[in-house]
Each structure stands twice: as C-alpha cells, then as structure tokens.
Ligand SMILES: Cc1cc2nc3c(=O)[nH]c(=O)nc-3n(C[C@H](O)[C@H](O)[C@H](O)COP(=O)(O)O)c2cc1C
C-alpha cells in the first residue's frame, strides 16, 4: 500500500472485530513508527499508553460513554503530552549532535516553555496530532484500521491510566480490524473554501 492509498482508505471505524488480536510484535512495530513523528526541537513530548488488557479496555469503553471501539478494538492507545518534556534532561534530545547544538536546544526550550503553560499545552497538542496520524496511516499499511477518539470522560481515563500530574491526555486512537466498513464519508468541504493561495483575501 502506498501513502496515497493509506491516506484515502483510513476511516474512523465504529465496529471492530473483537476476536482479532494484534501480536506484541505488531504493537511494537507500530510504536516504533509512532516515535518517528515530528516534534518541535525533537523534544519528543508525546507519551503513549498502549492497552491490550481486556479488563482495562472495557473500563476505557465505559469511560468513553459506552462507545464500543476501545472494548472491541485490539489496541487502545492513549496519546498524552508530557508538559515537562522541555526541562526533562533536554540535552538527550540531540544526543547524536554536538555539545553546542545540545546546549542551543536546551536554551531555546527554556525560553519558549519555562514561563508559558500555553506553549507547553499547544506543543503537546501538535506533537500528539502528528503521532496520531502516523499511527493511523501505519496501521493501514499493516492491514489494520483505526478510530481517533476524544469522546470520553477525561478524569476517569486519567485515573485508569494513572496519568502523572504534569501530563495531559490529548486523544485516544483505537487500532484493530474493522468488522464493518465505515459509513459513507460525511462530505468534504470544497477545496476553494479551505485552501487559499498566498493569503486569505
Ligand atoms: C479529535 C477527534 C476526536 C474524535 N472522536 C471520536 C469519538 O469519540 N468517537 C467516534 O466514533 N469518532 C470520533 N472521531 C472520528 C470523527 O468523527 C471522524 O474522523 C470524522 O467524522 C471523519 O471521518 P473519517 O475519519 O472516517 O474520514 C474523532 C476524530 C477526531 C479527529
């Protein structure tokens, strides 16, 4: 499957085959690809909680307002942002580079994030968004399907996954085998409503 096909066949799946189970190797392959997704300054501020345990998946489903996907899908991934990533031994984000580069990034991270909870939160949203799409497209290449989800009770899921205080949950992605094709697309807006050449007006 090429990238265009993965993009055009990815759909938000509502019905997963609850008998299909991914292997731990498949989960690892998927997560190895997920961590290649881009982050500003390579700060790698996403944290992924991968859940295959049936009891926990069932609890997540209940917390997701009884939506079936987490219980029926094979793998539930909670994509979380680490809001302390900017100060969490940042030299290692450029460990393959020079000391000078490492120090430069450390200073830049301090400048951008130390006094700005907003910047920390925005960065978590951006990084997890990229990672989610990477996961969903990689899943297609593996012959699997997915559903991105935010329809859940945040505090309940935070409790289930024991979310650290300086992290936030950005979204959930369920991966598995669909048992029913997705419904017809809702309908895309016309290109000329959403794409502007050079400037808005
Ligand atoms: C941030 C986000 C949250 C979503 N939450 C849910 C959800 O809780 N339950 C669900 O069934 N679909 C959810 N969706 C799927 C969207 O409804 C779906 O992506 C959209 O209708 C477009 O359909 P498509 O992904 O099949 O192209 C979510 C999608 C996104 C991007």
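Taken together, the values in this text are just the output of simple stated rules run on the coordinates, not laboratory data. Please read all numbers here as calculations on a predicted model, not as lab measurements. Glycine gets a Cβ as well: all are built from the backbone with ideal geometry, and neighbour counts include every protein chain shown.
For the range 68-139, just say rounded, prolate or oblate: build the C-alpha gyration tensor, square-root its eigenvalues into a ≥ b ≥ c, call rounded for a/c under 1.5, and beyond that prolate if a/b exceeds b/c, oblate if not. Since a/c reaches 1.5 and a/b is larger than b/c, the shape of the range 68-139 is classed as prolate. Sorting the segments 148-157, 59-68 by their residues' average number of neighbouring beta-carbon atoms within 10 angstrom, most packed first, yields 59-68, 148-157.
Among 188, 44, 69, the largest mean-square fluctuation in a Gaussian network model of the chain, built with springs joining Cα atoms closer than 10 Å, belongs to 188.
The stretch between residue 3 and residue 40 holds 11.0 nm of extra length on full extension. This uses 0.36 nm per residue minus the Cα-Cα distance. The stretch between residue 91 and residue 199 holds 35.0 nm of extra length on full extension. This uses 0.36 nm per residue minus the Cα-Cα distance. For the chain, the mean residue ellipticity at 222 nm estimated from helices alone is -12500 deg cm²/dmol, where every DSSP H run of n ≥ 4 contributes -39500 (n - 2.57) and the total is divided by all residues, rounded to the nearest 500.
With an a/c value of 1.5 or above and a/b larger than b/c for the gyration tensor axes a ≥ b ≥ c computed over the alpha-carbon atoms, the range 69-109 is described as prolate. All alpha carbon pair distances within the chain were sorted into 5 Å bins beginning at 0; the resulting P(r) in whole percents reads 1, 7, 14, 16, 17, 15, 12, 10, 6, 2, 0.
Just need log10 I(q)/I(0) for the range 35-74 at q = 0.15, 0.18, 0.30 Å⁻¹, Debye formula, equal scatterers on the alpha-carbon atoms, no solvent, rounded to two decimals. One equal scatterer on each Cα of the range 35-74 leads to -0.50, -0.60, -0.92. The C-alpha atoms of the chain define a longest principal axis, and helix 117-141 lies at about 40 degrees to it.
Normalised by the number of residues in the chain, the mean separation of alpha-carbon contacts (under 8 Å, six or more apart) gives a relative contact order of 34 percent. Could you work out how much longer the chain between residue 53 and residue 119 gets when fully extended? Use 0.36 nm per residue separation minus the Cα distance between them, nm to one decimal. Result: 20.3 nm gained on full extension. Report, to two decimal places, the Cα Rg of the range 1-118 normalised by 2.2 N^0.38 Å (N = number of residues). Taking the Cα Rg and dividing by 2.2 N^0.38 Å, one obtains 1.37.
Label positions at residue 32 and residue 150, each projected 7 Å from the Cα along the C-beta direction, are separated by 3.2 nm. Every Cα-Cα pair of the range 95-201 was included, and the share exceeding 23 Å stands at 57 percent. With R₀ fixed at 35 Å, the C-beta to C-beta distance from residue 101 to residue 18 puts the FRET efficiency at about 0.15.
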